[in-house]
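To start, the structure under review is shown below, and the notes come after it.
Here, each number is a calculation from the coordinates, and none is a lab measurement. Note that the structure is predicted; figures quoted are calculated from it, not measured. Neighbour counts run over all protein chains shown; Cβ positions are idealised from the backbone, glycine included.
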Amino acid sequence: MKKEQKVSKDKRYEDRHKEERKAKCMIWGTSVERPLAEEINKFLKANGFTKVQLIKAGYQALLKEAEKKK
């Protein structure tokens, strides 16, 4: 299969499943200062964590912190 055909096929698949993906997941368009982002990426890679794990763990920590404030 030629690259052009594959790109076209992939695009059609993406178009057909766009709403399904939007209902399932959310992308946050945010940015972090490069030095901090590089530090975080280095930590995650060294310890075998994913960015999703980082977000979930941070969220759990903030939930606990918020409970203490109540």
*asked:* Report D for the chain in µm² per second (integer): Stokes-Einstein, Kirkwood Rh on Cα pairs, 25 °C, 0.890 mPa s.
replied: 154
*Set the Förster radius R0 to 30 Å, insert the Cβ-Cβ distance between LEU63 and LYS9 as r into 1/(1 + (r/R0)^6), and round the FRET efficiency to 0.05.*
0.10
*Can you give the calculated 222 nm mean residue ellipticity of the chain, where each DSSP H run of n ≥ 4 adds -39,500 (n - 2.57) and the sum is split over every residue, rounded to the nearest 500 deg cm²/dmol?*
-24500 deg cm²/dmol
_Protection proxy ranking of 56-65, 36-45, 21-30 - average other beta-carbon atoms within 10 Å, highest first_ = 36-45, 56-65, 21-30
